[in-house]
Amino acid sequence: MLLNSATLLPRLPHLEPALKPSPGPRTESAVPTGSRQAGRVRMAYLVSRYPAISHTFILREVLQLRRRGFDIEVASINAPDSAEQDMGVEERSEAGRTYYVKRHGILGAIAAHLHGLCRPAAWLRGLRFAVGLGGWDLRRKAYGLFYFTEALMLARWMDSRDMKHLHVHFASAAANVALVLKQFAPVGLSLTVHGPDEFYDAPGQWLPEKIAAADFIVCIGAYARSQLMHLSPASQWHKFEICPLGVDPERYVPARRPATVRPFTILCVGRLTPAKGQRILIEACRQLHQSGRQLRLVLVGSGPDEDQLKSAVAANGLEHLVRFTGALNQTEVRAWYAEADAFALASFAEGIPVVLMEAMASGIPCVSTRITGIPELIRDGEDGLLVTPSDSDELAAALARLMDDAPLRHYLGRSGRARVQQKYSLTRNVQRLGGVFATRLGAPA
């Protein structure tokens, strides 16, 4: 649930500055799915949490689009997941200009309902749709009411800034708000679909409804597009565009590994959740240690599985081999990339992980699983090694192969970085995304 009673506390001092319209005349002659001013694409981005430690690629995308001349305002349902003093300069700047829905509490909600009631037929249509999403489930109906209120708050904010098009990253919680918004507000809607969570519970995430409501959908890869095709009639397929995510290779320069004798360092970066397969990685490292190999495993991230993972480490007597760093910022993560001899991601479910792109751009040989969109990024034996998900023996064998074969490590490290430079460069892929926005919204990129 995105909005709850705890967040409906008065925060009136924040309300009016956030909703003050941008200077300049309003335009009513915008194309149906976007707004143009001086030939520029103007649009709003909606994210569940922005900026977020695990989703810095969204911030990079927004900044690059602005550099290309796009006029983008960002709304976030939730506050940032880092304190201001822990943010970098760019994160602090973005946090300062972002509209945070929950921050406006009950007074913001009341103001949004009053604003919406100026168009009573539209207000009622949105309410009926939002409540109807819950079917006969009273709890889901309550969720629908919260989504409706947040959609009204978002609509009021967009109207104050003359934003006619909304783009949402991830087709999950924030997209629920956008789906409701689309039913009563005359705005265009597009999504970036990452997967795979939405695909596993498509009805529960109202994914078919979101496909139907969207004017177009950006898919991060062919796997994501295939799942949307599976969930929609062919008449909807013209909406789907493939635009991969990307990283800036210049931010991830390969490090010269120290020549001194030290344990082989295996790095894993990601939230500590069952879907990331860290338990399988720990078991693989146990097997390697048991065979007499010198290694250490560094797990960067935090999450609900942390206590169980630490218990598994303790139960196997691996405390001296496994380090839990907690969540780190990008500078700290890059420091660990410079230390790593190999990168491992034993996931059971993924889209196309940006963290793998970062590791590859850093020249680290990577081992991951042959699932969902990962083979689009890593070609097995060319840009990294792919193993069967859940198979700790195969994962251990792949890591042992890297430990024993320095030329292979160097080859995969170089090839992986080249793969990112050629196919997953942030600059190139944002240019491609900008072309999609410009074409679909009817303005020059």
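Check off (1) farther than 30 Å from T331 by Cβ; (2) in contact with a helix residue (DSSP H, G or I) (Cβ under 9 Å, 6 or more places away or on another chain); (3) of a type in the set (S, T, N, Q) for S226 and give me the number that stays unchecked. Evaluating S226 over (1) farther than 30 Å from T331 by Cβ; (2) in contact with a helix residue (DSSP H, G or I) (Cβ under 9 Å, 6 or more places away or on another chain); (3) of a type in the set (S, T, N, Q) leaves (2) as the failure.
Regarding A396, is this residue among the aliphatic types (A, V, I, L, M) and in contact (Cβ under 8 Å) with a residue 12 or more places away in the chain? Answer is yes for this residue.
Scanning the range 50-63 for residues that are in contact with a strand residue (DSSP E or B) (Cβ under 8 Å, 6 or more places away or on another chain) and not in a helix (DSSP H, G or I) turns up at least one hit.
Scanning the range 162-205 for residues that are touching a Leu at 6+ places or on another chain (Cβ under 6 Å) and modelled with pLDDT under 95 turns up A173, E198, A202. In the range 117-138, which residues are under 30 Å from the mean Cα position of the chain (by Cα) and either surrounded by 15 or more Cβ atoms within 10 Å (Cβ to Cβ) or closer than 19 Å to M158 by Cβ (or both)? Matches in the range 117-138: G126, L127, F129, A130, V131, L133, G134.
Applying the criterion of at least 2 residues that are assigned by TED's automatic domain parsing to the domain that holds G301 and of a type in the set (G, A, S) to the strands (runs of 3 or more DSSP E) found wholly in the range 311-386 leaves 342-345. A count restricted to the range 420-442 and to residues that are more than 19 Å from V168 (Cα to Cα) and buried (at least 21 other Cβ atoms within 10 Å of the Cβ) stands at 2.
In the range 173-192 there is no residue matching the filter, namely being part of a loop (DSSP other than H, G, I, E, B) and either under 18 Å from the mean Cα position of the chain (by Cα) or of a type in the set (D, E) (or both). Taking S232 as the residue in question, decide whether it is assigned to a loop (DSSP other than H, G, I, E, B), out of contact with any Lys or Arg (no Cβ under 7 Å at 6 or more places or on another chain) and assigned by TED's automatic domain parsing to the domain that holds L191. When the stated conditions are applied, S232 passes them.
Are any residues in the range 417-445 polar (S, T, N, Q), in a helix (DSSP H, G or I) and under 21 Å from the mean Cα position of the chain (by Cα), and if so, which ones? Passing the criteria: Q421, T427, N429, Q431.
The values are calculated or read from the model by the stated rules, or taken from the named source; none is laboratory data. None of these values were measured; they are calculated from a predicted model. Neighbour counts run over all protein chains shown; Cβ positions are idealised from the backbone, glycine included.
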